[in-house]
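The values are calculated or read from the model by the stated rules, or taken from the named source; none is laboratory data. What you see is a predicted model, and the numbers here were worked out from it, not measured in a lab. Cβ sites come from the backbone with ideal geometry, for glycine too, and all protein chains shown count toward neighbours.
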Amino acid sequence: MEAYGVRGSTEEGAIFEYAPDVVRVATGIVNVYLVGTARQWVLVDTGLAGFAPVVRRAADARFGRNARPEAIVLTHGHFDHAGNADALALEWNVPVLAHHFELPYLTGQSDYPPRDPTVGGAIACLSRTFPSAGRALSAKLYALSGQSIPGMHEWQWIHTPGHTAGHVSLFRRRDATLIAGDAVTTMNMDSWIEQVRRTPELCHPPAPLTTDWDAARRSVENLASLDPYAVAAGHGLPIAGDGVAEAMDRLCRRFAPPPRGRYAIAPAVAGPFGVEWIPPAVPDPLPRQVAGAALVIAGVVGLAAAARRRRP
Ligand SMILES: [Zn+2]
Ligand SMILES: [Zn+2]
């Protein structure tokens, strides 16, 4: 077992302070974080659509009734991180901040590169139901600038592309706390059983939505060089302890593009205006497998019916 302590709860909507002034709120399979104090705080990511009341209740429980953040910061704009950005930002009347490379997917200017269900693993299989479309937020949307973050004075944002072109991670040097978004995960999302168990483990970004594996590796190396003591990611329980920095180094050493999949061959290319080029699709065997299974079932049912008709 890794030499880090795990702090948190897997309960939906449970809040847990895993590092000073950093509270995790679980929204289904995705974590969001309340960062700061009642005097000044920021919401990092917003979770799956429909969980806005869960996040609001957690904020009220943490900071007092009708608590309102300075801003909402998105590590990136995927549906599971930006799902309540409008609902919360409009109700609180606060701005949404993201890297400028992420804005095209939040203004409706561009869709994300298509997800890759052929990359293998549990989350890739499930990703066939995930949306790739960008969204047009109605909330006030601004690009992060400089290195600092409004309302998060001890924190800096770090551009960590690879999972998406404009992905950012947030780092507090004082206690080496890292909010990593989907630059890494703290569970094995490729495993079916770990979807339920969520054994804490530092892993590569969610594979079916990662569209540049070289950039993703460089981003993990960049984060490992910070020697984080605590890692709070978008997926999995946050981890903290003396073993975390070593675990990040190990992840760097074994980090490799997946053996197959659309973006294992070539990365998607994206710029400030969105997607510029995507590699050709890799044939997805599942529809053929489903069609084959349906044919076999239809054949068995037909033979059984014929046998019944032949009986005297
Ligand atoms: Zn993502
Ligand atoms: Zn995610």
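Part of a loop (DSSP other than H, G, I, E, B) and closer than 19 Å to A233 by Cα: does that describe P114? Quick ask: steps written out before the conclusion?
Working: part of a loop (DSSP other than H, G, I, E, B): yes; closer than 19 Å to A233 by Cα: no.
Spelling it out, it is not the case that P114 is part of a loop (DSSP other than H, G, I, E, B) and closer than 19 Å to A233 by Cα.
This table checks each residue for (1) more than 16 Å from ligand 2 (Cβ to nearest atom); (2) over 21 Å from D45 (Cβ atoms); (3) more than 18 Å from the chain's Cα centre (by Cα); (4) part of a helix (DSSP H, G or I).
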{"residue": "E221", "(1), (2), (3), (4)": "yes, yes, yes, yes"}
{"residue": "P228", "(1), (2), (3), (4)": "yes, no, yes, no"}
{"residue": "H235", "(1), (2), (3), (4)": "no, no, no, no"}
{"residue": "C252", "(1), (2), (3), (4)": "yes, yes, yes, yes"}
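Residues of the stretch 88-109 that are over 16 Å from the mean Cα position of the chain (by Cα) and buried (at least 19 other Cβ atoms within 10 Å of the Cβ): L88, A89, W92, V94, V96, L97, F101, L103, P104. Taken together, T46, T37 contain a single residue that is of a type in the set (S, T, Y) and surrounded by fewer than 24 Cβ atoms within 10 Å (Cβ to Cβ), which is T37.
Condition (residue is acidic (D, E), assigned to a helix (DSSP H, G or I) and away from ligand 1 (no atom under 16 Å from the Cβ)) applied to the stretch 62-84: is it met by at least one residue? If you could, list the steps in order and put the result at the bottom.
Restricting attention to the stretch 62-84, the residues satisfying the condition of being acidic (D, E) are 70, 80.
Within this subset, residues satisfying the condition of being assigned to a helix (DSSP H, G or I) are 80.
Going one step further and asking which of them are away from ligand 1 (no atom under 16 Å from the Cβ), we end up with none.
No, that holds for no residue.
The residues of the stretch 156-206 that are within 12 Å of the chain's Cα centre (by Cα) and either within 19 Å of V35 (Cβ to Cβ) or away from ligand 1 (no atom under 16 Å from the Cβ) (or both), listed by number, are H167, V168, S169, I179, A180, G181, D182, A183, V184, T186. Among the residues of the stretch 223-230, some residue qualifies, meaning at least one is closer than 18 Å to H76 by Cβ and out of contact with any Lys or Arg (no Cβ under 8 Å at 6 or more places or on another chain).
Name the one entry in L74, L90, L48 that is more than 16 Å from ligand 2 (Cβ to nearest atom), among the aliphatic types (A, V, I, L, M) and closer than 18 Å to A136 by Cα. Full working, then the answer.
Numbers: L74 fails: more than 16 Å from ligand 2 (Cβ to nearest atom); L48 fails: more than 16 Å from ligand 2 (Cβ to nearest atom).
Unique residue meeting the criteria: L90.
Within the stretch 248-260, identify whether any single residue is modelled with pLDDT under 90, charged (D, E, K, R) and within 21 Å of A183 (Cα to Cα), and answer yes or no. No, because not a single residue in the stretch 248-260 is modelled with pLDDT under 90, charged (D, E, K, R) and within 21 Å of A183 (Cα to Cα). One residue stands out among those in the stretch 199-209 that are assigned to a loop (DSSP other than H, G, I, E, B) and either touching a Pro at 6+ places or on another chain (Cβ under 8 Å) or within 14 Å of ligand 2 (Cβ to nearest atom) (or both): the one that is farthest from H78 (Cα to Cα), which is H204.
Take A215 and decide whether it is of a type in the set (G, A, S), surrounded by fewer than 23 Cβ atoms within 10 Å (Cβ to Cβ) and outside any loop (DSSP other than H, G, I, E, B). When the stated conditions are applied, A215 passes them. The set of residues in the stretch 130-152 being part of a strand (DSSP E or B) and touching a residue at least 40 places away in the same chain (Cβ under 8 Å) consists of L141, Y142, A143, I149, M152.
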